[in-house]
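The structure appears below as structure tokens.
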Amino acid sequence: MAKQLVVVGNGPVGHRLVEQVVSAAGDEWTITVFGEEPRAAYDRVHLTSWFEQRSAEPLNMVAEGFYQANGICCHVGDKVVAVDLIARTVTSQQGEVVAYDKLVLATGSFPFVPPIPGHDRDNCFVYRTIEDLEAITAAAANGKVGAVVGGGLLGLEAAKALHDLGLKTHVVEFAPRLMAVQVDEGGGALLRKKIEELGVSVHTDKNTQRIVDGDSATHKMFFADDTELDTDLIVFSAGIRPRDELARSAGLEVGERGGIVVNNYCQTSDENVYSVGESALWEGRIYGLIAPGNQMAQVAAEHICGSGDSEFAGADMSTKLKLMGIDVASVGDAHANTTGALCYTYINEVEQVYKKIVVSADKQSLLGAVLVGDAEEYGNLLQFALNKIRLPDQPESMILPNIDNQASALGVDALPASAAICSCNNVTKGDLVSAVAGGCATLAALKDKTAAATGCGGCAALVTQVMNGELEKLGVAVNTDLCEHFPYTRQDLYSLVRVGHIKSFDELLDKHGSGMGCEICKPAAASILASCWNDYVLEDTHQGLQDTNDRFLANMQKDGTYSVVPRVPGGEITADKLIVIGQVAKKYNLYTKITGGQRIDLFGARSEQLPEIWRELIDAGFESGHAYGKALRTVKSCVGSNWCRYGVQDSMSMAVLLENRYKGLRSPHKLKMAVSGCTRECAEAQCKDVGVIATENGWNMYVCGNGGMKPRHADLFATDLDDETLLKYIDRFFMFYIRTADRLQRTSTWMENLEGGLEYLQQVVIEDSLGLAAELEQQMAHVIGSYQCEWKTTVNDPQRVKQFTHFVNSDLADANVSFVRERDQVRPASDDEKKMSASNILAIA
Amino acid sequence: MSNWKDICPVEAIVPNSGRCALHEGEQVAIFRLRQGGSDTFYAVDNFDPLARANVISRGIVGSRGNVPVVASPLYKQHYCLNTGDCLEEDVSLKTWPVRVVGDTVQLRVN
């Protein structure tokens, strides 16, 4: 008989606990979840990203079908109002009474609003739920000025949100500086400066006394120092208080200043009741970060299921984040409160960087650190602090710039297996070592297997170092050679071709390779040559390099026949052109099918028929669709503002423009794009290498998505772009991918393996951090300018056409190709069907 | 006494690629491999025994160590151009003697 587990609270930590219980002992427990908010668990940590799409969907934490598959009953929008510890039941607002064997209170916290007169006026908000964000967005539409009370982590996120909503934003902070908990005076000063440079006003030492009607705005805030501020809306972000009301009314032990008291197993004063997350009080502390919350969820789940005996032992509150585009990090005792602590501080006013480390009196260990403006050393410093690793003789070397290119202070070998490398997802060095031993040899594979570097991403560099160290130790010579013929990576070869102006495979092999090449390096070289010089791919010197499909400019099918795909830019086609395709299909008895790429595929063409078929298509105005190439395939579209009542831009024209711009571009792997005319996203742009979604102000650009075997959602890259900028960024993005990707690497894997990931890409493409932008655009312009439809070139060359015959010495067709009919069309006959028809013929004869 | 049949001009086969010949009722894939300015010719069965299609002549040629090979275009198994042996599976392609006389490629007649 399954035991009953009731979880009160459906936030990130409550949901994590449910997942852990399911994974440890799913069939032993019947789980019931109650959540007060009107929606299933969502990622409150990344709440601010709601503004990107104004939708809760991307934040959803519940895998589709999770509840159904595990028999979990989740009551959304139904608050538990009472707990009976004797009867062991919970009662909900809507009258549900559920019995439990074990109960978990994961009720989180509520935003503290200081009891200032006027705090409950209209257009005063808190920043915690999606409903809060929706209300703030609606109010901002009618306002010009916004103020955030509270200059901590969450307050600054709220300020960014108001700023992005178009309001003149003010941050009002009670303490003498921003982020007073994590950041010291010097760091706080730099942070303030950088925020003010963004156009947000910062007021510190400001004690709000009362809020009344304003003159030029909705509110007027009065401060203790006799100053005032007019603002249209106010967001309170002045701290959180634990939601412990259920514990109080039930008689569980609570802290003096609130919070449900728990032991090391996260049990409350009743052994059958647990508490995890922000509602729990452990040794007098409440933990408001996700990492300790998740740790508590794990400890409690193990204890409930009897699957482990880990204990919660407090959590390190170190954190690294990007606030309003500014890197900020804090480690351990950031304020040097420890007796005898000494500090080293590096301030660079030109680069706007502040770095401070706090070391023990004997200078042997690192106690804390503050980083503002550049938090690259965070991973390193955190490891030193957590593991009490002995500091180098000159500790200052850890934060001073690496002017002489000296090796960094820490080799990852010094770290113990228990060292937490990724604290967002609780991945230790030992976990990574096991994963590498189990076969993970790339950053992407490690991310997949362990979830390391998939949270804030701050540990990516460290994860890579651990991986490389382990691979070396295992003697896995990670051979990055393309193949036995070239001791180079694809990126190396690309450089050699570009810089050396190498125009043929023979030249490349002669100068940099050995042997006779193979089916790995030849197509890779062909692709590089095409991306650089864009010659006709069937030139004599290039023909033999081409992979199966490019060789005949058509997709080879299982029986040796080919398919034909004319380009239909944007998926838009006239009735006349449809008729031509129909006529060609009938004339040559081809099988026709609509493709996922919004065009038409014709099957069953023998190699010798290809030139004739294409001649007819070209005469009718068609071009090659490159369905056979590692090249741009299609740009899908929705009809957009031309026809659709919801469209906000002309997505149809943009799709056609993009497809005509990039047709013929060859790349490490196929490229697929789409343009949607509004957020309903009918063109499915979010699963494309480059996806474009219209906004009222222009285009949002998404990158590195794909469908297929391992679907990946594209990432938002840039917003509200005008046409010109969109094309510029796509030019740069594609050319950078072509330049730096591995052979047959889709854009998704390429980005997952880039240290620095999406942010790095944005820096390179948008901010031109590598100074490559002009070069990349020029290289793309060359490809665009030298475009020729390769089928057109082929049909106009009688010598080439001759190369398509099946036999070099006969006009006969391949007798092995035969078809049968199914659903009014042809398909290849199976071996049995071929035998049957042969014996039929013999019988007739 | 051996007889040879004319198949095609050398120029009909682009260097480092193959073409298929109809020879005595069979399909023969002829390859022209060029290295250091000189050509070597090979001839093997055009029928891929694993994919069961007449496509070998359309494969990419190259070397595996010292062995000249062609990779079948459908599933990329490698076949030694000297012996016809598949490097990955226990199958083999029939081979034919092939030569060039003047500008003409010839296959031996049985």
Filter result for the condition that a residue is within 44 Å of the chain's Cα centre (by Cα) and more than 30 Å from residue A:673 (Cα to Cα), over A:778, A:788, A:763, A:825: A:825
Out of A:40, A:24, sole residue that is within 20 Å of residue A:296 (Cβ to Cβ), modelled with pLDDT under 95 and of a type in the set (A, V, I, L, M): A:24
In segment A:785-834, the residues that are over 21 Å from residue A:559 (Cα atoms) and part of a loop (DSSP other than H, G, I, E, B): A:786, A:787, A:788, A:789, A:796, A:797, A:809
Unmet criterion (only one of (1) open to solvent by 70 Å² or more (accessible area, probe 1.4 Å); (2) more than 29 Å from the chain's Cα centre (by Cα); (3) of a type outside the set (Val, Ile, Thr)) for residue A:351: (2)
Matching residues in segment B:32-61 - criterion: being more than 7 Å from chain A (Cβ to nearest Cβ), among the small types (Gly, Ala, Ser) and in a strand (DSSP E or B): B:38, B:43
Strands (runs of 3 or more DSSP E) contained entirely in segment A:271-330, each with at least 1 residues that are crowded, with 22+ Cβ neighbours inside 10 Å and at pLDDT 90 or above: A:273-275, A:280-282
Residue in segment A:617-626 that is free of Cβ contacts under 8 Å to residues at least 12 places away in the same chain and not polar (S, T, N, Q) present: yes
Residues that are among the charged types (D, E, K, R) and not in a loop (DSSP other than H, G, I, E, B), drawn from segment A:661-679: A:661, A:666, A:672
Those residues of segment B:77-91 which are over 11 Å from the mean Cα position of the chain (by Cα) and touching a residue at least 12 places away in the same chain (Cβ under 8 Å), in sequence order: B:77, B:78, B:86, B:87, B:89, B:91
Of residues in segment A:471-496 being hydrophobic (A, V, I, L, M, F, W, C) and within 12 Å of residue A:513 (Cβ to Cβ), the one farthest from the other protein chains (Cβ to nearest Cβ): A:496
Within segment A:1-41, tally of residues that are open to solvent by 10 Å² or more (accessible area, probe 1.4 Å), over 14 Å from residue A:276 (Cβ atoms) and touching a helix residue (DSSP H, G or I) at 6+ places or on another chain (Cβ under 9 Å): 11
Qualifying residue in segment A:799-818 (condition: open to solvent by 70 Å² or more (accessible area, probe 1.4 Å) and more than 14 Å from chain B (Cβ to nearest Cβ)): no
Segment A:522-556: number of residues that are over 19 Å from residue A:788 (Cβ atoms), more than 9 Å from chain B (Cβ to nearest Cβ) and open to solvent by 10 Å² or more (accessible area, probe 1.4 Å): 2
Tabulated pairs, segment A:144-155, first of a type in the set (Gly, Ala, Ser), second open to solvent by 30 Å² or more (accessible area, probe 1.4 Å), C-beta under 6 angstrom, 6+ apart or interchain: A:150/A:238
Verdict on residue A:694 being open to solvent by less than 30 Å² (accessible area, probe 1.4 Å) and in a loop (DSSP other than H, G, I, E, B): no
Test: residue in segment A:245-267 that is more than 30 Å from residue A:35 (Cα to Cα) and outside any loop (DSSP other than H, G, I, E, B): no
Strands (runs of 3 or more DSSP E) enclosed by segment A:158-225 - at least 2 residues per element that are in contact with a Phe, Trp or Tyr (Cβ under 6 Å, 6 or more places away or on another chain): A:208-213
Any hit, segment B:68-77, residues being assigned to a strand (DSSP E or B), of a type in the set (A, V, I, L, M, F, W, C), open to solvent by 10 Å² or more (accessible area, probe 1.4 Å) and at pLDDT 95 or above: no
Residue in segment A:568-581 that is surrounded by the most Cβ atoms within 10 Å (Cβ to Cβ), counting only those that are in contact with a strand residue (DSSP E or B) (Cβ under 6 Å, 6 or more places away or on another chain) and not aliphatic (A, V, I, L, M): A:570
Complete set of residues in segment A:604-617 that are open to solvent by 30 Å² or more (accessible area, probe 1.4 Å) and assigned to a helix (DSSP H, G or I): A:608, A:609, A:612, A:615, A:616
Test result for residue B:90, facing chain A (nearest Cβ under 9 Å), out of contact with any Lys or Arg (no Cβ under 7 Å at 6 or more places or on another chain) and of a type outside the set (Val, Ile, Thr): no
Leading residue by the ranking (surrounded by the fewest Cβ atoms within 10 Å (Cβ to Cβ)) among those in segment B:16-28 that are more than 7 Å from chain A (Cβ to nearest Cβ) and in contact with a Leu (Cβ under 8 Å, 6 or more places away or on another chain): B:23
Selected residue (only one of A:205, A:225, A:213 is on the phi > 0 side of the Ramachandran plot, open to solvent by 60 Å² or more (accessible area, probe 1.4 Å) and out of contact with any helix residue (DSSP H, G or I) (no Cβ under 9 Å at 6 or more places or on another chain)): A:205
Residue in segment A:271-286 that is within 37 Å of the chain's Cα centre (by Cα) and among the polar types (S, T, N, Q) present: yes
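The values are calculated or read from the model by the stated rules, or taken from the named source; none is laboratory data. In this text the structure is predicted, and so the values were computed from the model without any measurement. Methodologically, a virtual Cβ is constructed for each residue, glycine included, from the backbone with ideal geometry; neighbour enumeration extends over all protein chains shown. What goes into the accessible areas is simple: the full protein's heavy atoms, side chains included, and nothing from ligands, DNA or RNA. Shrake-Rupley method; radii C 1.70, N 1.55, O 1.52, S 1.80 Å.
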